[in-house]
1. With 10 angstrom as the radius, rank SER82, SER69, SER103 by how many other C-beta atoms surround their C-beta, starting from the fewest.
2. Of all DSSP beta bridges located in the chain, what percent are antiparallel, nearest 5?
3. Using the count of nearby Cβ atoms within 10 Å as a rough guide to exposure, how do PHE170, PHE72 rank from fewest to most?
4. Let me have the relative contact order for segment 11-189, percent, based on Cα pairs under 8 Å that are six or more residues apart.
5. If Lys and Arg each add +1 and Asp and Glu each add -1, what is the summed charge of the other residues whose beta carbon sits under 15 Å from the beta carbon of PRO85?
6. Which whole-number value in Å³ per residue fits the convex hull of the alpha carbons of segment 46-164?
7. Answer with one residue from THR12, THR58, VAL135: the one whose Cα lies farthest towards the positive end of the charge dipole of the chain, charges on Cβ with Lys, Arg +1 and Asp, Glu -1.
8. Are there GluC sites (Glu not before Pro) in segment 1-95 that DSSP puts in a loop and that have at most 12 other Cβ atoms within 10 Å, and which ones?
Amino acid sequence: MVLDILKYGHPTLREKGKRIERVTPEIRQLAADMLETMHAAEGVGLAAQQVGQAIMLTVIDVGAAERPSQLFIDGKPQDLKSSMPLVLINPEILHKEGEQIGSEGCLSIPDINADIRRFERVTVHAQKLDGQEIVFECTGFLARAAQHEFDHLNGILFITRMDAATRVSFDGKLKKMERETLAALPKARKPRRSPTPHRAGLASL
């Protein structure tokens, strides 16, 4: 089932995800719905917060992306396309190195893209839907996607990582998007507005 993707200004996007203690049928269904939603939106990553669930669950699929990536398990390179999609539960980044600068966008912040500085290579530990643990290293676009989604799970949106001048250039769009999002919320869910817009959260993630 294709789910609604929350837009910038929704308070759930700023919530740190709760750890998933047990993989239930509901979690499996949510992961399947998130994959369907991500593919329908032509994105390459989606975090549970983006569909209204503040839990540590994310899906990634860079198999069709033109930007290069590498994936390693136990130091051995893996076929990227056959390894996708990734469904990651309670992911954590164990190691990071190097640097890359590249364009990012976000399904929750449409029509805004900017160059973002990320680590070039990261090591990720997570649990899979079958309960097994996985540790993998990745580089390039997959490493960028993993970092973007890890940020989402911790309530961090990618505009937080823009340089100051770029962030200011999007102020008007972000304020308008935030107003529209808040106006669409039920009154009980509308948070108190902060005096300044919250800095927010690839091909879009």
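1. By the 10 Å Cβ count, ascending, the order reads SER82, SER103, SER69.
2. 95 percent
3. So the ranking, lowest neighbour count to highest, is PHE72, PHE170.
4. With pairs under 8 Å counted, the relative contact order is 23 percent.
5. Surrounding charge for PRO85 is -4.
6. On the way: hull volume 12.8 nm³, N = 119.
Hull volume normalised by residue count: 108 Å³.
7. Comparing the listed Cα positions along the dipole, THR12 ranks first.
8. When the GluC sites (Glu not before Pro) of segment 1-95 are filtered for loop state and at most 12 Cβ neighbours within 10 Å, GLU21, GLU42, GLU66 remain.
Read-outs: derived from the displayed coordinates by stated rules, not from any lab. Remember, it's a predicted structure, so these values are computed and weren't measured experimentally. As a convention, Cβ positions derive from the backbone with ideal geometry for all residues, glycine included, and neighbour counts pool all protein chains shown.
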